[in-house]
Every structure is written in C-alpha cells, then in structure tokens.
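Bear in mind that the values in this text are calculations on the coordinates, not laboratory data. Every value quoted in this text rests on a predicted model; they were computed, and no experiment measured them. Neighbour counts run over all protein chains shown; Cβ positions are idealised from the backbone, glycine included.
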Amino acid sequence: MVTYRCRHCSTEIGMIPFASVKETIAELQRTDRRFLHETDEGTVEVRCICDQCEQSLREFPEYYTVEKWLQ
Ligand SMILES: [Zn+2]
C-alpha cells in the first residue's frame, strides 16, 4: 500500500492499493523524491500536506519557513 501522510501533522490522508503504486512512485520520482519514504513493513509513505495544514500555511507562511529550517 501507499499511504499518504501529512508531513506537518502526521495525519493519514489516504491509501492507494499496490496496483497503482508503480505509477504513483514513477510520478513522484519525476517530481520530488524527498516526499517518498519507505517503511520497514515494505509500504511506501508519501509525505504530502493535508487540507488543514495547507490552509494554515496559506494563512501563516512564516510557520512553513520555520519548519523548513528545522529539517
Ligand atoms: Zn496536516
């Protein structure tokens, strides 16, 4: 399974079955590998952003800057 998880608040956003995994990974590798994270269980986690965090980032962009510093 590929799990979509918010990289800001760790909320699980959703999962997609393995049938679409290859396409998804290929798609993501074209964009940004940093958001791909393989877990010990052999699943792939995609670090993305949930609606809630996206909204707060839009309202408080300085918070995003701070978090980037910490990484
Ligand atoms: Zn979030």
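Put a dot 7 Å past each Cα toward the Cβ at E38 and D51; how far apart are the dots in nm?
That separation, rounded to one decimal, is 3.3 nm.
Please arrange C9, C53 by how many other C-beta atoms lie within 10 Å of their C-beta, fewest to most.
C9, C53
Return I13, I49, I25 ranked ascending by Cβ neighbour count within 10 Å, so the fewest neighbours appear first.
I13, I25, I49
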